[in-house]
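Report on the following structure.
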Amino acid sequence: NTKAGKHIKIDDINIYYEIYGKGEPLLLLHPNGQSIESFSRQIPEFQKHYMVIAVDSRSHGRTTDSDKQLSIKLMANDMKLFLDALKLNAVNLVGWSDGGDIGLQMAIDFPKMVKKMVIIGANFDSSGYQSVFISMVSMGGYQMLPPKAKERRTRISPNPERDPIIFQKQMDMLLKSSHPTTEELAKIKIPVLVMAGDHDLIREEHTVKLYQTLPEAYLAIIPGASHIVPFEKPEVVNP
């Protein structure tokens, strides 16, 4: 929704975001390789209850790329600077996949900034992925993306000529970016709902371990759902 869209300069990038509704702030963080559009089945409902802040992460969607390598820690810091710029001291947060990883890192690095959190299909290290997914990411390259996927990415990118480079940076982050330790996760004292599909690309035992590690966590394994559970089962996820 470009009518609602705005840009703001943060560090070495221009972040794109959209805001809907009124009430307590709710920050939405999308998966790797995706954008605000991932939450198309959540924003209309959530804006009835919250001031929804949907944001495209660094090197994703309509937010610009830079020469920096992507990492969960860098992107968590981006969100801290972004919220500072909006003069928001604390938010509720919904993070899906890498968005959930970023949310966990924010809760560790900036504990006063996150009040409550829902993380969906997140992992706290690359061992959390199903082995078939790791093999697919390791073998795949930009040239293997279907034409429709390339068109979707470049259609909204402010740096379409860099898309092959951006894609590789995104894939490298999936397997190489450092993640929090269990000791760090155990220091997160806020309520966290850990959610995943029962056929998620994150191993179920990894999701359960994350739930067990967080001191004030709740667990929701959604039946008949995959890694895209917010899209597949909005009637279950949204409430």
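The values are calculated or read from the model by the stated rules, or taken from the named source; none is laboratory data. Not measured: the values here are computed from a predicted model. Using ideal geometry, Cβ is built from the backbone for each residue, glycine included, and neighbour counts are taken over all protein chains shown. With ligands, DNA and RNA removed, areas are computed over all heavy atoms of the protein, side chains included. Shrake-Rupley method; radii C 1.70, N 1.55, O 1.52, S 1.80 Å.
If you count the DSSP beta bridges with both ends in the chain, what percent of them are antiparallel, to the nearest 5?
Details: 11 of 35 bridges.
That works out to approximately 30 percent antiparallel.
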Give me, ordered by chain and number, the residues 5 or more places off residue 29 or on other chains with an amide H under 5 Å from its own placed amide H. 94, 95, 96
Rounded percent of accessible protein surface that carbon and sulfur make up, the range 59-149, 1.4 Å probe: 60
Pop out the ³J(HN,Hα) list for the range 64-73 in order, Karplus 6.51 cos²θ - 1.76 cosθ + 1.60 with θ = phi - 60°, rounded to Hz; leave Gly and Pro as x. 6, 9, 9, 7, 6, 6, 6, 8, 4, 5
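With r defined as the distance between the Cβ atoms of residue 6 and residue 161 and R0 fixed at 35 Å, what FRET efficiency is calculated, to the nearest 0.05?
0.90
Order these peptides, 122-135, 92-105, by their mean beta-carbon neighbour count within 10 angstrom, highest first. Intermediate results must be reported in sequence, preceding the final value.
Numbers: 122-135: 17.4, 92-105: 27.5.
Averaged packing, sorted descending, gives the order 92-105, 122-135.
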Computed for the range 56-114: size of charge dipole around the Cα centre, +1 on C-beta of each Lys and Arg, -1 on C-beta of each Asp and Glu, debye to nearest 20, value 200
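Taking the Cα centre of the chain as the origin, how large is its charge dipole in debye, to the nearest 20, when only Lys and Arg (+1) and Asp and Glu (-1) carry charge on their Cβ atoms? Walk me through the numbers on the way to the answer.
On the way: 28 positive and 28 negative charges, 125 e Å.
Around 600 debye, computed over the chain.
Where does each of 66-73, 229-236 land if you order them by average Cβ count within 10 Å, highest first? Write out the running numbers ahead of the final one.
On the way: 66-73: 15.9, 229-236: 17.9.
Highest-to-lowest ranking by the protection proxy: 229-236, 66-73.
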From the Cα centre of the range 58-134 to that of the range 169-234, the distance in Å is 13
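Per residue, how large is the accessible surface of the range 86-239? Use a 1.4 angstrom probe and give square angstrom. Intermediate results must be reported in sequence, preceding the final value.
Details: 7460 Å² over 154 residues.
It amounts to 48 Å² per residue over the range 86-239.
Give me the net charge for the shell around residue 18: Cβ to Cβ below 14 angstrom, other residues only, Lys and Arg +1, Asp and Glu -1. Can you show the working numbers first?
On the way: positive: 3, 6, 62; negative: 37, 56.
After counting each charged neighbour, the total is +1.
Which of 73/169; 73/176; 80/115; 68/150; 6/112; 187/209 have a Cα-Cα distance over 19 Å?
Numbers: 73/169 14 Å; 73/176 12 Å; 80/115 14 Å; 68/150 22 Å; 6/112 26 Å; 187/209 15 Å.
Long pairs (Cα-Cα over 19 Å): 68/150; 6/112.
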Per the chain, sqrt(5λ) over the Cα gyration tensor eigenvalues, sorted largest first, in Å, gives 24, 22, 18
Note down the magnitude of the dipole of the range 119-239 about its Cα centre, charges +1 on Lys and Arg C-beta and -1 on Asp and Glu C-beta and zero elsewhere, to the nearest 20 debye. 440
